[in-house]
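What follows is a set of notes on a single structure, which appears directly below.
All of the numbers you see were taken from the coordinates with simple rules; none came from a lab. Just so it is clear, the structure is predicted and the values come from calculations on it, not from any experiment. In this analysis, Cβ positions are derived from the backbone assuming ideal geometry, glycine residues included, and neighbour counts consider all displayed protein chains.
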Amino acid sequence: MSSRVHACEYTVGVAAPAGVVYGMLADAVRWPVFLPSVVHVERLDFDGVQERLRMWELADDAPADADAPADADAAAAADDDAAGAAGAAGGGVGGVLGGRVGSWYARRVLHPDVRAVVFEQEDAVWPGSVTSGVWSVRPAGEAECVLGLRQECGLPVAAADGARREAEADVHRRLAQVRRAAGWWERLDELLLSFEDRVRIEGPAELVYDFLYRIGEWPGRVPHVERAGVREDVPGIQVVSLDSCAAPGGRTVSTRVVRLCFPHAGRIVYKETLTSGLIAAHSGEWSLLPDASGVTVVAAHQVMLRQEAVGRVLGAGTGLLEARDHVRAWLSRASTETLGLAKWHAESTVRRLR
């Protein structure tokens, strides 16, 4: 199929210092917490300037809107409005609920001196499909900047108009996501939290991984999981809808999670695409560290709080420090319970086989 290269470039104003925005762009590994469509970023190689990444992202199945705003500021404002509405309804950052999960390899060159990131990404499924471009950040005051994204990609001639609109909508969407995340810059230290829980298991890593992988069987095995619906159209990529009662008070919380399973590495990484009220973003990982006599299992969490929901959920006058403690205790309780049951599953199986 013949194709032609389409280039588009848009800019948007951001209410954050240029250095903050550039730092967010440069730190791609943290994008799952900052950007709603990004599920996971794996850094394959990095020398301080050049890096090679593999990225997984949710792809919206809806077609690009032919009447989309013509300028990036209008598009970003529309995206912010939609995100705010979704957040108020407990719909997760940006209201991203699911869809296809695509992945690609990316090569990036970081230019901190001019606050630019040059990239070239190649689809992991269709190696001939390449998109290249550059992110740029230009100061516009002490606490403001102009964010730009230029993107070039090969589009099929037969569907040039629709593909062009889709490519331009993608640029608008990415600009809007970064602008929204950067808008929290003054309180990021309070909104972000990372922690992990560990358990030592005297049993084979394969049994532990099997328990964690079979999340569809958790209802009836893991007390706080009431329902789990699992779709795995592509081996190793699970889209899971969960109803759980691990939250304080025993109320049922519904979430949706994308899980990427790496059995040979003993890892399952995940990103919630539908979050509960207090949580704006939540990503994490189950990782197995085997040794001569067993395995240590680590449950790691990266969370961004939804500041506007704190008073509504925890009561007027509740601060972010209390909200951090509340969320950490809640998530830690759930992961510790799951780890304990994985331990029981592996160790009791070994005892039966002896």
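With a Förster radius of 45 Å applied to the beta-carbon distance between ARG4 and SER293, the computed FRET efficiency rounds to 0.15. Subtracting the Cα-Cα distance of ARG251 and GLU322 from 0.36 nm times their residue separation leaves 23.6 nm of extension gain. Rounded to the nearest 20, the size of the Cβ-charge dipole of the stretch 229-328 about its Cα centre is 180 debye, with Lys and Arg at +1 and Asp and Glu at -1.
Once both labels are positioned 7 Å from their Cα atoms along Cα-to-Cβ, the gap between LEU188 and ARG138 label points is 2.3 nm.
In order along the stretch 170-180, phi translates into HN-Hα couplings of 5, 5, 4, 4, 5, 4, 5, 5, 5, 4, 5 Hz, rounded to whole numbers, per the Karplus curve 6.51 cos²θ - 1.76 cosθ + 1.60 with θ = phi - 60° and x for Gly and Pro. Phi-derived couplings, Karplus 6.51 cos²θ - 1.76 cosθ + 1.60 at θ = phi - 60°, listed residue by residue for the stretch 185-192: 4, 5, 10, 4, 4, 7, 7, 8 Hz, with x used for Gly and Pro. Counting only Cβ charges, +1 for Lys and Arg and -1 for Asp and Glu, the dipole size of the stretch 190-229 around its Cα centre is about 140 debye. Applied to the stretch 212-228, the Karplus parametrisation 6.51 cos²θ - 1.76 cosθ + 1.60 on θ = phi - 60° returns per-residue 3J(HN,Hα) values of 5, 5, 7, 5, x, 9, 5, x, x, 10, 9, x, 7, 9, 8, 8, 9 Hz, with x for Gly and Pro.
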